[in-house]
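> Please see the structure below; I have some questions.
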Amino acid sequence: MDFVLKFLFGINSNISLLYFIKSFVFSIKIGFSTFSILIVSNMNAKILWSIIKKITKFASMKQKTIKSKISITGVGLHTGKVATLTFHPAPDNHGFKFRRIDLEGQPVVDADCDNVVDTARGTTLEQNGARIYTTEHVLAAIMGCDLDNILIDLDAPEVPIMDGSSWPFVEALEKVGFVEQTAIREYFELTENLSYEDSVKQVEMLAVPQDEFRVTVMVDYNSEVLGTQHAGMYKLSEFKENIAKCRTFVFLHELEALLANDLIKGGDLNNAIVLVDRPISSDKLDHLKKVFNKPNVEVKESGVLNNLKLHYYNEPARHKLLDIVGDLALVGVHMKIHILAARPGHAGNVAFAKMLKALITKSRLKKIDGPNFNPAAPALFDIRQIMKILPHRQPFLLIDKIIELNADYILGVKNITMNEFWTVGHFPDEPIMPGVLLVEAMAQTGGVFCLKTVPDPENYQTYFLTMDNVKFKQKVVPGDACVFKLELITPIRRGLCHMQGTTYVNNKVVAEAKMLAQIVKVRNVETKKSEPTTA
């Protein structure tokens, strides 16, 4: 991580990274921009109060969406197709979603890093048979406007490039205004350092705890024209003023290659900063005039084509920061985190987003509370109803009832008695429920969860493919009431159901495992429906 220390902050690489991080994290947590360390005993009341305010700032922030729909039209950079993009208000906990209204069925594509299929010249998403190209600028605008829920309609495969920045989208969103919703916003608070490195591309990213969403970027592509540039955003509220207007940039030799391969059909000299780091002939300039229909194309002294005027001397670095904001929107939640990035690109951004999402999933699972099991709670599905869903029968049907089921998790119950078949031999003098049967009971509960996602569960079977991180933390004996909680880790896709299973006794975890199951259709029996009665 020497690159991060040297290039971002000019720190001597002999200083240990651990020492650097500890000092840095302490200072930024109390709101200082330099690496000064205060002795807690000498803190005055004013500093202590500022810390308290920072801690409580996000305690009950509500989710937000836009007040009404609004449309914006432009051309896709790589496809060259005219596209109309329409922002729609969305309900609580909806998140960011795209909808291809030009395709049959109007498939929806979640803005999720797990749906990224390409990062070559932008970030491309695919889900439900639909692709959305170049998503980063519009997602950065949505994040920069501090929104939580929005539906984005597109009548073409690519988000319009507009002027190459997020500004046109920010303007459209602000035009309709924002509205506070009922649900409380979820924040992910980083509690440990997270790093990513691509040694081939010399990309380095580091995330450290922070009480705001903060980003610091360094770009250095061994170009005399671009040089080494730095950009920073101390908090998300600075995005509109300092980052949103920063346009994408490209080196002329890259542009020539893209044009030669017909990969930039919707670009012109008004939606990108073109950097010229190599000598250019008059013939090439004449060619560019024809390509972009410009009467005068020339290279300025700074090595930038005269197509536009820079908003900032470090606009390329600021645009890389913009891309990070847009790509990290694919994590799916707002974050209190400081991202430090050296030479970032879409591939690294998305890889880092996936690492963050995995960390968030892990932290959510740790927060799962033991269900407050009530033995007298009515069964949502009793043993007879369970037998209509699962193929298992006594003595190998290991759940008595289902007491709760929703889109995210299921709760099953098993009362352990001395009449269980295994008490005879495991062990006669000290009957203990075998761990493999606890896993099987969790699997059966998960099977009910999976099969209830299809309209005709009697025609399907659930087969478990993998079980990972299986742990037994406490013995289960006759007299115990086991509650099995199976919770989705990722959405069900292509019949694959990835779940976290946890077994509780008296609200304490006794066993846990991660399970991957597949729902498979094994028969085609029509469900008999009762005839309507007549008076």
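The values are calculated or read from the model by the stated rules, or taken from the named source; none is laboratory data. In this text, all values refer to a predicted model and were calculated from it rather than measured experimentally. When we count neighbours, we look across all protein chains shown, and the Cβ atoms used for this are built from the backbone with ideal geometry, even at glycine. Accessible surface is based on the protein model in full, side chains and every heavy atom, while ligands, DNA and RNA are left aside. Shrake-Rupley method; radii C 1.70, N 1.55, O 1.52, S 1.80 Å.
> How about segment 373-413: which chymotrypsin sites (Phe, Trp or Tyr not before Pro) there lie in a loop by DSSP and see at most 15 other Cβ atoms within 10 Å?
Phe396
> While we're looking at this one, here's another question. Quick one: which residues, 5+ away or cross-chain, put their amide H under 5 Å from the amide H of Phe96? H built at 1.01 Å from N.
Under 5 Å from the amide H of Phe96 lie the amide H atoms of Ala111, Ile150, each far enough along the sequence or on another chain.
> Using each residue's phi in segment 469-485, evaluate 6.51 cos²θ - 1.76 cosθ + 1.60 at θ = phi - 60° and report the 3J(HN,Hα) Karplus result to the nearest Hz, with x for Gly and Pro.
For segment 469-485, the Karplus curve yields 6, 6, 9, 10, 10, 7, 6, 10, 10, x, x, 7, 10, 8, 10, 9, 10 Hz.
> Counting only C-alpha contacts under 8 Å and six or more residues apart, can you give the relative contact order of segment 129-213 as a whole percent?
After rounding, I find 24 percent.
> Pulled fully out, how much extra length does the chain show between Glu440 and Val509, if you take 0.36 nm times their separation in residues and subtract their Cα-Cα distance?
Length gained between Glu440 and Val509: 23.2 nm.
> Provide the three semi-axes, in whole Å and in decreasing order, of the ellipsoid equivalent to segment 129-188 as defined by the square roots of 5 times the Cα gyration tensor eigenvalues.
Equivalent-ellipsoid dimensions as semi-axes: 22, 15, 11 Å.
> While we're looking at this one, here's another question. May I ask you to rank Tyr460, Tyr221 by accessible area, largest first, using a 1.4 Å probe over the protein chains only?
Result of the area sort, largest leading: Tyr221, Tyr460.
> Taking the Cβ of Ile416 as the center, what net charge do the other residues with Cβ under 12 Å away carry, scoring Lys and Arg +1 and Asp and Glu -1?
Spelling it out: positives minus negatives among the neighbours equals -1.
> Would you mind checking which residues have amide H under 5 Å from Thr79's amide H? H placed 1.01 Å from N; only 5 or more apart, or other chain.
Here Lys265, Gly266 satisfy the definition.
> Convert 37 °C to kelvin, take the viscosity as 0.692 mPa s, use the Kirkwood radius over C-alpha pairs of segment 420-498 as Rh, and evaluate the Stokes-Einstein diffusion coefficient in µm²/s, rounded to a whole number.
Taking Rh from Cα pairs, D becomes 225 µm²/s.
> Compute from the Cα atoms of segment 66-185 the Rg and the Dmax, the latter being the longest Cα-Cα distance, and quote both in angstrom.
Rg, Dmax (Cα atoms, Å): 13.4, 40.
> With the calculation restricted to Cα positions, what are the radius of gyration and Dmax of segment 108-149 in angstrom?
10.5, 30
> Run through the DSSP bridge list for segment 67-200 and note the antiparallel percent, rounded to the nearest 5.
75
> Please work out the Cα convex hull volume for segment 359-511 and give it in Å³ per residue.
Dividing the Cα hull volume of segment 359-511 by its residue count gives 119 Å³.
> What are the semi-axes of the equivalent ellipsoid of segment 117-255, taken as the square roots of 5 times the eigenvalues of the Cα gyration tensor, listed largest first and rounded to whole Å?
The three semi-axes for segment 117-255 are 26, 22, 17 Å.
> Now for a different question. Please list, in order, the residues from segment 139-154 whose amide nitrogen is less than 16 Å from a point placed 7 Å along the Cα→Cβ vector of His311.
139-146
> Reachable aspartates and glutamates from Lys475, Cα under 15 Å, same-chain residues fewer than 8 places away excluded?
Asp429, Glu430, Glu512
> Let me ask something additional. For Lys401, what residues show an amide H to amide H distance below 5 Å, using hydrogens built from the backbone and excluding near sequence neighbours?
The answer is Val413.
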